[in-house]
Structure formats: C-alpha cells, structure tokens
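Reading through the structure tokens given below for one structure.
Since every read-out is calculated from the coordinates, none of them should be taken as a lab result. Small disclaimer: the values here were computed from a predicted structure and weren't measured. Note that each Cβ is placed from the backbone with ideal geometry, even for glycine, and that neighbours are counted across all protein chains shown.
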Amino acid sequence: MLKKYSLIAALMIVLAVVLAACGDNKEDKSGDTSKPATETSTAAGDTSQSQTETSGGEGATADASASTKVIKYLDQEYTVPAKTDRIVVTGALEAMEDSILMDIHPVGAISVRGKFPSLFSSIVDKAESVGEKTEPNFEKILQLKPDVILASTKFDPAVVEQLSKIAPTIPYSHVSANWSSNLELLGELSGKQDKAAELIAQYNSDLESVKSGIVSKLADKKVALVRIRQGAIQLYASQVYFNPMLYEELGLKMPAEVQAAKAQDMISLEQLAAMNPDVLMIQFSEDENADKPKALEELQNSPIFQSINAAKNNQVLVNIVDPLAQGGTAYSKIQFLQAFQSKLGQ
Amino acid sequence: MQRKTILPTAILLMAPAVVAFIIMLSVLYGAKSIHAQTVWDAVFHFDRSSVDHQIVRSSRLPRAVGALLIGCFLAVSGALMQGVTRNYLASPSIMGVSDGSVFAVTLAMVWLPPAHSVSMIVVSLVGSAFGACVVFGLAWLIPKGMTPVKLAILGTIIGMFMNGVADAVATYNQVSQSVSFWYNARLYQMDPEMIKLSVPFAIVGLGLAVWLSKSITVLSLGEELSAGLGQRTAVVKLLSMLAVVLLTGVSVALAGKIAFVGLIVPHIARMLSGQDYRWIIPVSGVIGGLFLALCDVLARFVNYPFETPIGVVTALFGVPFFLYLIWTRGGGQRE
Amino acid sequence: MSVLDVAKTLLRIHSNSDYDLVVFQFRLPRIVLGLLIGFALGVAGAVIQGVTRNGLADPGILGINAGAGMMVVLFMFALRGVVDLGGILSVLMKPMLGLAGGLAAAGLILLLSRRGGRIDPQRLILVGIALSLGFGAITLYMSLKMNPQDFEAAVVWLAGSIHSANWKYAMALLPWIVLMLPIVWLRADKLDVLQLEEVSAASLGLSVERERLVLLVGSVGLVAASVAVSGSIGFVGLIAPHIARRLVGLRHRRIIPVSGLVGMAMIAAGDFIGKTIFAPAELAVGIVISIIGVPYFVYLLIRART
C-alpha cells in the first residue's frame, strides 16, 4: 500500500516540478537580459516607487529628473515610468486600432489565430505576440519588459491584477464614448499629445461637415448597419458598434428595431426586409463566418433581400470599414466617417 | 383493444388538416403580418416582384415545412430509441446521437470548407452513426449499462467529450462563437434546396421505422420474450439504429441540434395511443412535427422582433417535462 | 528559465525580481490552485460515486458546473464592466458569483431529488442532467446575445481554465477543502456501508438519510468552490475514483485521499499540456482533460469488464 502511495506522490511532485521548470522554454533568453537599458518597473499600479535596474554593461542610469509620471485617464490616476516607449497591448483590440492612427509601435501585441491581422500590419513590425485576446501570456509579457501595459476594461480583474505585477497596467476602455480619452492616453504615453489633439479636432470638424452635407439628403431615410456572423444577420443596440456614430453623432433617424435591440441580436432576413432600410451597410468578415463563407453572397442573391429598398436603389454598402474594426475606437470612427462621406456624401 | 385505437386513428386522420392549419399559422404570423389572401396568391399566383410573396415562398414556407419535417424526424427517432432500449429517457439529444452529428459537422466546417449541401448531410449522418455507436457500444460493455440512468450519463459524458474536442478545434481556429451557434439550431435559415435533398434519406428512415414498428412493439416487451418469440432482435436493433441515424443526421444537417423533441413527444404519443408501436411511431411523427412548428412560432414572438434560438423554446417545455418524467419513473429499467 | 533557475528562486539564492515574479506570482499559484482543484474534484467524485452507488457519476453532470456557469455568464451579460469595486472584491467577484450559482444549483438538485422525503440517488443524477441541460440552454441563449468579445471571455471561463490563477483564488478555495475534507473523510467507513442496499445499511445502525445528506453537501461544496475559481472542469471527478479504486481497493478510507491525489495529477498534467501544445495560445485544462480523459476512461471500462 505504502508503495502505491509513494508512487503517486512521487509522480505528482515530478509533474509539478516539470510544470514549474518548463513553462515557456521555447522563448528562452537568459534571465539577465542583455537588452538595451530600459527602466523596468515592478511596481503594482498604485505604488509610487519605481526601481531602475541596470543591465549588463550599463553605467548608472540617470534618474536625476523625475523617473515617473502620473497619467490621468478616465478619472483614475496611473503612475508610470517617465519614458513609456515599450508598450504591450493585450486584450484590447481597440488599443491596437488607435495605435494605427497614432503610429505607435508596441513591443507586444494581440494575435488572432496565431498571427497578426493584416489590419495592423503597419504597427506590428516590432511586436511579438503575447497570446490571444482573452488570455495574455504573462511570462512572455514579462520577458518583453514593458514600461506600461494596456489591458482592457473587459478583462477579468484577476487578469488585470496579474498584469499589474509586471508593469503599470491601464485598462483601455472598450466603451465607444471614451474614444477621445483613449486617443489622449496614447498621446501621453507616446509623447504625441499634439497628434492626438489634432486627430480629435480633425474628426470633429469632419463630422460637422459630413453632418451638414448629409443631413438634408438622408434626413428621413432609414439607415442601418448590420454584421454577419456565422451566416446570421446581427443587429446592434443603439450604444453598440457603429450605432452611436450613425444615430447620435450624425443624427440619422434610429429605426425602431435598433431601439429594441439589446447588445447583439439575431434578426431574420424576413425581419430585415420588414424593416426595409433605405441605406444598408453590411459588415462581413471571413474570419467570423468560417462555417458559412458564402453567407454574404447568398444573402445578396436572395430575392427577399433584393426586395429591400436599399438593394433596389443600390444603396447597399459592404464592408465600408475593415470588418475587424471594433466600431467604437477613434480609428473605426475616422475610417467610417471618411468612407461614409465618400460613398454617400456627394 | 378496440377502444384504444380510436384516438390514434383520429389523430392520424386529422393530421393533414392540422398540418395545413399549422402551416397557415406559421406563415401568416411572423415579423410582418401577411394576409391569407396574399399567402394564397403567393402559392398559386406567384408575383416575383412582390416582397410579401417572396417572403412567403423563400422564408416562411420553408421554415414551416422544415419545422414540421424535423419535428417529425426527431420524434420518430426518439420513439424508435425508446422502444428498442426500453428506456424512457432514450432520445437523440441525450444519447449522443445529435452531438455526434454536430461534432462531425463542426470538424468538417473547420477542416473542409466549403461544404456542399449533400456532403453536409453525409457528414452529419456519419457523425450521428459515430455518436450512436460510441454511446450504445459503451452501454453494452458496462454491466447494467442500459438502464436509463447509466445510458443518460453515458450520453451526457460522450456528448461533453465531443463538445470538448469540437471546442478545442474551434478555439485553435478562433471560431468559438460559431460552435455555439450550431448547437442552437437555426430554423429560420432553412434552405429549401437542402430540404429537397434530405427527403430521400428521410423517406428511407421513416419507411424503416414504420416497417419495423411491429417488431419494435415485440422488442419493447422484453429481450427474452422477443427472442423466445423467434424474433431476430439483433437485426431489428441494427435496422432501427440505422433509421435513427438517418433521421437524426438529416435533422442536424438541416438545422443544428434541437433537444427534447425526441424525448417528450414519444411519451405523449404513448399516452394517447397505448403501447403498440404501430401507432406510437406515426403518431409521434405527427405530434412531433406540430410541436416543433408551434415552438417555432413561439420562437418568433418571445423576443419580438428578434429571433430566439429554437433550442431555448424546446428546453422551456423540455426541462419541466424531463423533471416530471424523472419524478414518475425513477431510475431503474422499465418493467 | 531553466530548472536550476527555478530551484534557485525557490530557495532564495541569488534572487532576481523577475524570476521571483514568474515563479511566485505566476507559476506557483497556478500549480497550487490546480492541485487544490484537482484534489477537491477527485475527492468529491469519489464521494458522489459512493453515495449514488454509480460508477459513472461525475460532479460535472450534476448541474453545479452549469449553474455556476449560468450565474457568471448572466453577470457578464448584465453588468458588462459597469461595476467596479476595486481591489480584492473585484477579483473575487466572479468566483463569488460562481459559488453562489453553484450552490444554488446544488440546493435545487438536492431538493428535487427527494422522493418521499428521502434523497433518491438515482433521481439525483437524472435531475442533475435535466438541470444541466436547462441551465445550459439559458447560458447559451445569453451568450448569443453578448458581444463576441465578452462571449469569448465567457467561453474560456466556461471551458474550465486556470489561466489567471492567483493567490487570492487559492486562498478562496483552501478553506472549503480544509473544511469539507474532514467531513467526508471521517465518514469514509459509513460510505462503505452505504454501498449496501438501503435496508441492510439501515439495519446496521446507519441513519442512511442523514449520512447521505452530509456527504452530498460536503462534496457539493467542494465542487462548487472549485468551479467558482476555475470554471467547469469535468471528468476529473469521474475518472480519478476509478483509478484510485484500481490502486488501493474498495475501502473509501483509502479511496478518498488517493482519488484526491490522482485528481491533482490529472490537473497538473492537463494544464501542462494545455499550456504547451498550442503555445503561445492556451488550451483550457478542462478541454484537455475531456479529450484525453474520456478515451482513457473508456479503456478503463473495457478493462474492468474482462
């Protein structure tokens, strides 16, 4: 009996040790990094100490000037190192989108299905994957020695807590109403505050001009935007996806169905036909329709679809923005506005 | 026994009328109310440019017909399974048959897109065969494995296993939401082409079911008894499994996994027509179709104007009924 | 990091703050949590199989997992980042909800499986399955309405993963184990007696009903607590007792702890595989165990027959 017990116990301990020891052996660089001098901060988000660690060969790093700065974002203060060049983005595709606008190149980014989507190709040249969207790989992130980590407000607090043990972590908001604060945050982190301000101002003025041009043309037309996922047509609630832009900012009339929708709702083709929009925008991504890749085609060929006003008058716009765009980010909004203006504006 | 056959006969005779009625109901009411006259015209004086006519033809009719057919197939499958295993909980969704289909189709979706309608059906059939074999094979291996409880557990476990594998594959390919879309069936996306393609398979399945119904009645009386009466039980079991696989496979290929129909309807049929499977099977078919069609109408209105997955509506009826069955029947083998 | 580095960090020789972080904040809590969960599930499985006298019983099918899952998804769906309590409380919010959901489901099952005032073990399992299906349907319904990003997070949780393990979770689970283990282990002998027919057991002086209840409550508590921190991990409670039985025989005094240990080993192995096979993406430990565990279980069953 005892032998069996000890066998089991031994097995377990061996397993545990193996687990502990192996981990991510693939990415093994030695622990004492030979990376160029960066300030590593092992402080949790709300301490105000930051330690600087010298790596091999460096002289004493100058920390005469303040080595940290305080950033205010969405009514919360975060203490981050003065230089925040090494940014890791995890969980928030919104942050990646906005980085495109601000030309920020993170050192760690989210991969989708193991690689970086082409949408982000301009900014991932220096980046390594830190895991898929919802499960960041903590050890990998630690290895990258970031100055600051951009997480997501949708993250499980436990994940954010683990991340903040590596570096100051700021949860990037996924709520579209905070788009300008998001841009400003990126501006502060990258030292490009002017760019952020410029983008915001530009957007607002563009918005005004589009509004004045369009308002007369589309004032009493029904405009709607849907997304196709797994072959099913999804309609979104008024505060979600691109709807705030359409109905609040541009001031278009909100169809009753959109008002009735909560978050994301499946709508049948028949129902869409009953809604009968005059202008219909369809977002369709192959990634999200792996089981029904022809869904868009089938939809457009369906006689019921062709009976919709938008279809009859050639006012169906497919993928007006990149289908992976989240909708609420500055990037999404700016792209959308431009596309909207060019397709419908004249 | 004469009295007992009055009710089922009546049901079967009335069936066509009720079916027509349900179709009318289903077609008339939906997102948009369409007048009966319009429906009539749509069927008989089709006008291509009218939206309403289009709706009737390409959306509502297929949907209604689809619901009726699938309900019928699943109910008959359930009746067959319950008869052959003498197990009141036997049904395609609990016993892993539907899960097998879904599993196979999920893998096919990820690894061999795009799939033609026919190949989808075939894949689905292979899947249900696989699911059935695994579950029943295991049940046969384990002592007292064919009792309701053990069989139900096995079905659940194998189902969970297949879901697990499908999940892994889906996660790796980042299609996670699609997997659950599949589990929740989509009756409103009925493809008329696919319905037509599945008819041959269904006819074979239904034909087998009806042909075997007498033998199943004997089988349901007990293993030794039927062997003693000279019945070739193995053959009967095999053929009925084939019918189940055909019918369930076709249903899943058409619309995804719909649970509880195969469980509940045979019991209702039994309540109405007694123990003779020659009645139970056809009556199950009729009631099954009507039940699902009704659920479909409900699914359209519960969350108006949006669609509710039909699996939720059937679960609404199914879970309480399941609990009721447990209450009255307990866990042992049926007498 | 090499094995040597790990050893050095553990022994606090030449400690390096990065290594410390990795080992003490990431790997160690995850291992420890995994072990605790494996232990809890293994023990709970052994007890439930004993009480229901059904070698196929698995804590996962009892509906506790599904109930906990439903609560968590409900929370994710309804509150979506609105509530922010900060600090310990927010980290523990999901586990607490999961626990509440799991316990509520467990209570419902126990209630519904009474027949004539006594708990019928057969009925317990069936009711569990029925409720699982019900909760599952509700969960899927809500998840379809969620934003896909929220949904992905829900799926990960539902699948059973210890990705964001931390010491708080471990601390949340530990008391349950410390509390429940003695409750069930001290009754191990009574569990042996319960394997007999009810009448015989009663005639041996055992108050069958009460013992059953206590044992069930104990095991259900363990399951709910594990599910709360890790999501739904099934099959551990199913397979571990079988392996334990093959190793140490039929006496529950031995089976219970050994089953716990086997459970630990399963989770340790499963998590390791899940982390490395698709690196850097992770496969949830619950899924790994489903994939590997079930064929192995079938093999066990076939062996047992011959």
- Amide H contacts under 5 Å for A:Val318, restricted to residues at least 5 apart in sequence or on another chain and with H modeled in the peptide plane, are A:Ile282
- Query: How high is the relative contact order of the stretch C:3-305, in percent, with contacts defined as C-alpha pairs under 8 Å that are six or more residues apart?
  - Reply: 32
- Item | Links that overshoot a 31 Å alpha carbon limit, given the list B:Lys196/B:Lys237; A:Lys253/C:Lys94; A:Lys133/C:Lys94 | A:Lys253/C:Lys94
- What ranking of C:Arg118, C:Arg254 emerges when the number of other C-beta atoms within 10 Å of each C-beta is taken as an exposure proxy, fewest first? C:Arg118, C:Arg254
- Relative contact order for the stretch A:114-187 using alpha-carbon pairs under 8 Å, separation at least 6, rounded to a whole percent? 23
- Query: Can you sort C:Asp271, B:Asp276, A:Asp265 by how many other beta carbons sit within 10 Å, fewest first?
  - Reply: B:Asp276, A:Asp265, C:Asp271
- Could you sort A:115-127, C:37-49, A:85-97, A:314-326 so that the peptide with the highest average Cβ count within 10 Å comes first and the rest follow in order? C:37-49, A:85-97, A:314-326, A:115-127
- Message: Tell me whether the stretch A:100-203 comes out rounded, prolate or oblate; compute the Cα gyration tensor, take square roots of the eigenvalues as a ≥ b ≥ c, and use a/c under 1.5 as the rounded threshold.
- Response: prolate
- Using the Cα centre as the reference, give the magnitude of the dipole from point charges on the C-beta atoms of the stretch A:68-191 (Lys, Arg: +1; Asp, Glu: -1; all else neutral), rounded to the nearest 20 debye. 280
- Rounded to the nearest Å, the spacing of the alpha-carbon centers of the stretch C:158-210 and the stretch A:145-189 is 42
- Note on the structure: Most exposed to least, judged by fewest other Cβ atoms within 10 Å, B:Thr147, C:Thr52, A:Thr329, A:Thr79 sort to A:Thr79, B:Thr147, C:Thr52, A:Thr329
- Expressed in nanometres to one decimal, the distance between label points 7 Å along Cα→Cβ at C:Tyr299 and A:Ser205 is 7.1
- Within the set of other residues whose C-beta is less than 13 Å from the C-beta of B:Gly159, count the net charge using Lys and Arg as +1 and Asp and Glu as -1. -2
- According to the square roots a ≥ b ≥ c of the eigenvalues of the Cα gyration tensor, what is the shape class of the stretch A:216-344, taking rounded for a/c under 1.5, prolate for a/b larger than b/c otherwise, and oblate for the remainder? rounded
